[in-house]
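The values are calculated or read from the model by the stated rules, or taken from the named source; none is laboratory data. Quick caveat, the model's predicted, so the values are computed rather than measured. Heads up, the Cβs are rebuilt from the backbone with ideal geometry, glycines too, and the neighbour counts pull from every protein chain shown. Calculation scope for accessible area: heavy atoms of the full protein, side chains included, ligands and nucleic acids excluded. Shrake-Rupley method; radii C 1.70, N 1.55, O 1.52, S 1.80 Å.
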Amino acid sequence: MPLSNIKSTSFSLLSSPLIAVIRGKRAALFFAAVAIVLGLPLWWKTTETYRAPLPYSQISGLNALQLRLMVPITVVFTRDSVPLDDQEKLPFTVVHEREIPLKYKMKIKCRFQKAYRRALDHEEEALSLDNVKEAEAMLAEQKEQSEGSLTVFVISEHSLLLPQDMMSYIGPERTAVVRGIMHREAFNIIGRRIIQVAQAMSLTEDVLAAALADHLPEDKWSSDKRRPLKSSLGYEITFSLLNPDPKSHDVYWDIEGAVRRYVQPFLNVLSAVGNFSVDSQILYYAMLGVNPRFDPASSSYYLAMNSLPHVINPVESRLGSSATSLYPVLNFLLYVPELAHSPLYIQDKDGAPVATNAFHSPRWGGIMVYNVDPKAYNSSELPVRVEVDMVRVMEVFLSQLRLLFGIAQPQVPPRCLLSGPKSEGLMTWELDRLLWARSVENLATATTTLTSLAQLLGKIGNIVIKDDVASEVYKAVAAVQKAAEELASGHLSSAFVASQEAVTSSERAFFDPSLLHLLYFPDDQKFIFLEAHKSWKKPEKID
């Protein structure tokens with residue numbers, strides 16, 4: 001065999017194991033590369049926390065949101081209300097805008113857009129009367145006004161429509177009357193009077209500050225007396241008769257008839273704010289929990305003002321739990337004191353008896369003490385029959401209900417005649433003013449909720465953000481923006497609806513159970529954690 005053939009065969013035999021080793025290494029490297037290139041992304045994708053995208057930049061921009069609350073005002077001038085030269089300038093529009101000085105991150109401006117025009121023939125006829133009620137009735141037949149708008153009629157300074165000592169009049173509807181003046185600065189003088197009347201009927205600093213009480217620093221604006229009920233989709237009202245001494249008093253109250261005649265008409269008007277449900281109950285042997293003090297001078301008992309806060313807690317345990325209710329619960333209690341503590345009176349801070357013998361607690365309800373006529377004990381045996389005067393009782397409870405919703409008496413300008421409320425107990429412009437306040441409150445609540453949610457999701461990276469949660473966030477942001485646009489356009493009704501949608505969507509997103517699914521909290525503590533995170537930060541104090 002040739003030598004060359006021997007060398008070739010030997011080399012071939014030696015290289016075969018080496019080639020196998022090299023091929024094995026290459027295969028291992030190939031599989032490792034495949035595992036890294038394909039497996040690692042697949043593992044990362046299948047084990048990562050799913051987080052749908054959210055509009056963080058838009059949520060951040062809500063903190064700098066500027067609200068412009070536009071109040072459309074139609075100003076109608078009669079023939080002799082201003083000089084002839086000024087009448088020839090009609091019609092035209094004047095805009096008055098001012099910022100509400102509240103210590104809140106959201107800037108609020110009120111824009112009064114006054115459209116000046118001459119009176120039409122039927123308006124001239126109505127305003128020529130010498131009775132403002134009859135004039136209002138004639139004008140109301142012609143045209144209905146939209147929510148949030150006002151109409152101010154300017155009459156002659158010598159007109160008999162108003163008493164001679166009155167410069168203006170605010171009616172129960174969305175109308176007002178202002179006296180004109182024959183002066184070269186007539187439009188400026190009348191314009192200032194119109195703004196004063198319009199502010200009393202629409203937007204004031206007190207109204208907006210009360211609506212934002214939960215979002216403002218603890219100062220004069222957010223004291224307890226300025227805290228109306230929080231905005232809600234519904235409210236539950238409970239009327240309770242407390243008879244601690246049924247052996248002495250057989251109490252009868254026609255609560256069904258009283259609710260039908262007095263409460264329901266009021267709630268029908270207020271239904272634009274939310275849904276209402278009403279129920280009643282009678283509680284026997286229910287005590288106030290505070291021992292009244294005896295006054296020898298008047299042979300009566302009294303509850304001092306400083307003891308009133310201690311009255312509610314013992315009674316509340318007998319009213320039934322409101323923890324299961326979806327909506328805020330308002331309690332109105334009629335308390336007939338036991339014979340041993342009769343008569344019983346409530347004193348104010350100066351020690352004088354309160355005229356209504358009642359008091360109310362913000363966001364809770366009210367209590368009225370109803371004393372039995374002492375003559376009833378002389379003419380019959382115990383228990384004496386007690387017929388409750390429901391007219392007197394409902395007058396007190398309805399006034400308390402107004403205060404609980406933040407419907408206070410307006411601060412009218414000097415020499416302004418204020419009409420009494422309608423039969424329903426609520427003026428139309430008072431409802432508009434409440435809708436404005438609720439709209440601003442809803443926007444502040446939705447903005448705070450969305451901001452807190454964005455901060456929470458930014459701090460904790462393993463919280464799942466499902467698509468339906470993201471959808472609610474996008475809806476809430478869009479609803480906030482729409483409500484702000486509608487307020488700026490003077491469309492109060494649609495703005496209020498959009499603000500409610502903003503609150504509802506933001507709360508659904510914030511309290512969605514899936515947000516804390518991967519966090520190690522017991523199920524009964526997860527929502528406590530969410531609520532604590534939402535409310536832990538105090539509002540910033542802005543100079």
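Give the residue, chosen from Ile181, Ile194, that is modelled with pLDDT of 90 or more, part of a helix (DSSP H, G or I) and surrounded by 14 or more Cβ atoms within 10 Å (Cβ to Cβ).
Numbers: Ile181 fails: part of a helix (DSSP H, G or I).
Only one candidate passes the filter, namely Ile194.
Which of (1) at pLDDT 90 or above; (2) assigned to a helix (DSSP H, G or I); (3) more than 30 Å from Arg192 (Cβ to Cβ) does Arg402 not meet, given it meets every other one?
Tallying (1) at pLDDT 90 or above; (2) assigned to a helix (DSSP H, G or I); (3) more than 30 Å from Arg192 (Cβ to Cβ), Arg402 fails exactly one: (3).
Across the range 409-418, which residue is nearest to Arg192 (Cα to Cα) among those that are in contact (Cβ under 8 Å) with a residue 24 or more places away in the chain and not charged (D, E, K, R)? Reasoning before the result, please.
Within the range 409-418, the subset in contact (Cβ under 8 Å) with a residue 24 or more places away in the chain is 410-418.
Remaining after also requiring not charged (D, E, K, R): 410-414, 416-418.
Details: Pro410: 18, Gln411: 16, Val412: 14, Pro413: 11, Pro414: 13, Cys416: 14, Leu417: 17, Leu418: 18 Å.
Restricting to residues being in contact (Cβ under 8 Å) with a residue 24 or more places away in the chain and not charged (D, E, K, R), the top hit is Pro413.
Kindly indicate whether any position in the range 416-428 is out of contact with any Asp or Glu (no Cβ under 6 Å at 6 or more places or on another chain) and part of a helix (DSSP H, G or I). Don't jump to the end; show me each part of the working.
Initially, the range 416-428 is screened for residues out of contact with any Asp or Glu (no Cβ under 6 Å at 6 or more places or on another chain), giving 416-427.
Of the ones still in play, those that are also part of a helix (DSSP H, G or I) are none.
No, because not a single residue in the range 416-428 is out of contact with any Asp or Glu (no Cβ under 6 Å at 6 or more places or on another chain) and part of a helix (DSSP H, G or I).
Kindly provide the set of residues from the range 454-474 that are open to solvent by less than 10 Å² (accessible area, probe 1.4 Å) and either without any contact (Cβ under 8 Å) to a residue 60 or more places away in the chain or more than 27 Å from the chain's Cα centre (by Cα) (or both), ordered by number. Quick ask: steps written out before the conclusion?
Of the residues in the range 454-474, the ones open to solvent by less than 10 Å² (accessible area, probe 1.4 Å) are 456-457, 463, 465, 469-470, 473.
Of everything in the range 454-474, those that are open to solvent by less than 10 Å² (accessible area, probe 1.4 Å) and either without any contact (Cβ under 8 Å) to a residue 60 or more places away in the chain or more than 27 Å from the chain's Cα centre (by Cα) (or both) turn out to be Leu457, Ile463, Ile465.
May I ask you to say which residue of Leu344, Leu334, Leu404 is among the aliphatic types (A, V, I, L, M), touching a Pro at 6+ places or on another chain (Cβ under 7 Å), within 21 Å of His249 (Cβ to Cβ) and open to solvent by less than 40 Å² (accessible area, probe 1.4 Å)?
Values: Leu334 fails: touching a Pro at 6+ places or on another chain (Cβ under 7 Å); Leu404 fails: within 21 Å of His249 (Cβ to Cβ).
On inspection, the qualifying residue turns out to be Leu344.
Considering (1) modelled with pLDDT under 90; (2) closer than 25 Å to Tyr262 by Cα, say which one Lys459 fails and leave the rest.
Every condition holds for Lys459 apart from (2).
Check Val393, Val412 and return the single one that is of a type in the set (A, V, I, L, M, F, W, C), buried (at least 17 other Cβ atoms within 10 Å of the Cβ) and at pLDDT below 95. Walk me through it before giving the result.
On the way: Val393 fails: at pLDDT below 95.
Going through Val393, Val412 in turn, just one is of a type in the set (A, V, I, L, M, F, W, C), buried (at least 17 other Cβ atoms within 10 Å of the Cβ) and at pLDDT below 95: Val412.
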